[in-house]
1. Where both residues lie in the chain, what percent of DSSP beta bridges are antiparallel, nearest 5?
2. Compute the long axis of helix 179-189 from its Cα atoms, compare it with the longest principal axis of the Cα atoms of the chain, and write down the angle in degrees, 0 to 90, nearest 10.
3. Taking H as built 1.01 Å from N, whose amide H comes closer than 5 Å to the amide H of Glu239, not counting residues under 5 places away?
4. Hey, can you grab everything whose amide H is under 5 Å from the amide H of Arg126? Only 5+ residues off in sequence or another chain; H modelled, so Pro and N-termini drop out.
5. Normalised by the empirical 2.2 N^0.38 Å for globular proteins, what value does the Cα Rg of the chain take?
6. Could you list the chymotrypsin sites (Phe, Trp or Tyr not before Pro) in segment 66-136 that lie in coil according to DSSP, counting only those with at most 11 other Cβ atoms within 10 Å of their Cβ?
7. Using Cα springs under 10 Å in a Gaussian network model of the chain, which residue among Leu196, Leu140, Leu46 shows the largest mean-square fluctuation?
8. Beyond 17 Å, how much of the Cα-Cα pair distribution for segment 5-76 remains, as a whole percent?
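Coordinate-derived values only; no laboratory data. Everything numeric in this text was worked out from a predicted model, so none of it was measured. Heads up, the Cβs are rebuilt from the backbone with ideal geometry, glycines too, and the neighbour counts pull from every protein chain shown.
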Amino acid sequence: MARTIAEIKQGMTDRFMAEEAVRERYGLTSGDTFESKFSKVSIEGLLLYVVAFGIWVVEKLMDEHRTAVEGMLAERLPHTARWYRNLVLGWVPEWAEEAPVKWCSVDDRHSRLRIKVAAGEAGARRTVDAAAVAGLEAYLAEEKDAGLRIEIVNENRNRLKMEVTVWYDAGVLLPSEGAVERVLQEAVSNMEFDGLLSRNGLEDAVQGIAGVRLVRTDVLETSYDGGSWKPFGVQRRAESGYWVMGDEDLTVHYELWRRGVTI
């Protein structure tokens with residue numbers, strides 16, 4: 001990890017002040033420090049800073065190079081969860097022109113891989129065609145390690161129902177523009193595939209809208225595979241890997257901000 005410029009310069013000034021020839025040339029005593037004898041704009045101070053800055057640049061470049069190399073190795077290291085994910089995303093069946101799986105996550109659980117897949121684009125994800133899933137299973141059966149069990153999850157998206165109350169500054173936010181609705185819809189539909197969705201994260205997204213003073217979540221429920229609505233809780237991952245919140249599932253109550261409001 002690259003040192004700071006100050007740390008590099010400090011090491012250089014310590015060595016500089018410890019040199020006997022330097023101490024004799026400048027008439028230094030045992031209690032002198034570089035900062036007490038040389039100003040920041042002195043020739044000595046500027047020269048050491050320039051050298052320290054150059055060393056810092058080299059160390060930063062080395063850190064970036066190391067990170068890039070480690071990333072490349074992690075991507076190519078065979079039979080890891082990431083390797084299987086890249087395998088799935090890069091698989092193109094003989095009858096197709098492009099990879100049918102656009103989204104994928106791999107969970108490694110004790111000699112079993114749970115692979116969630118989806119097609120479509122961000123905000124419009126959908127299940128992968130059944131024929132493609134069957135082909136993918138046959139492909140992975142040939143590529144996987146012996147004894148490794150693989151479960152492919154190709155499910156309909158999880159639905160989310162939300163009702164919130166927002167206290168707003170009328171001089172900044174206009175409810176008719178639907179800013180809260182838009183932000184919540186985007187936060188749900190565009191989140192990372194198989195990412196962890198949280199109640200606080202949704203509230204923070206609303207709180208970041210100009211003109212919003214307070215936000216309260218009144219209802220937050222989820223439904224999976226056409227089942228009944230159940231409490232969402234604090235945070236969770238979608239069984240399918242992705243969420244959808246239709247217009248009919250989102251209700252926003254707007255209240256004018258007044259001093260003394262509590263929730």
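1. Bridges in the chain are about 60 percent antiparallel.
2. Result, in degrees: 90.
3. For Glu239, no residues qualify.
4. Under 5 Å from the amide H of Arg126 lie the amide H atoms of Ala119, Gly120, each far enough along the sequence or on another chain.
5. Numbers: Rg = 28.9 Å, N = 263, 2.2 N^0.38 = 18.3 Å.
Cα-based Rg divided by the globular estimate yields 1.58.
6. Sites meeting the loop and neighbour criteria: Trp95.
7. Leu46
8. Here the long-distance tail beyond 17 Å is 54 percent of all Cα pairs in segment 5-76.
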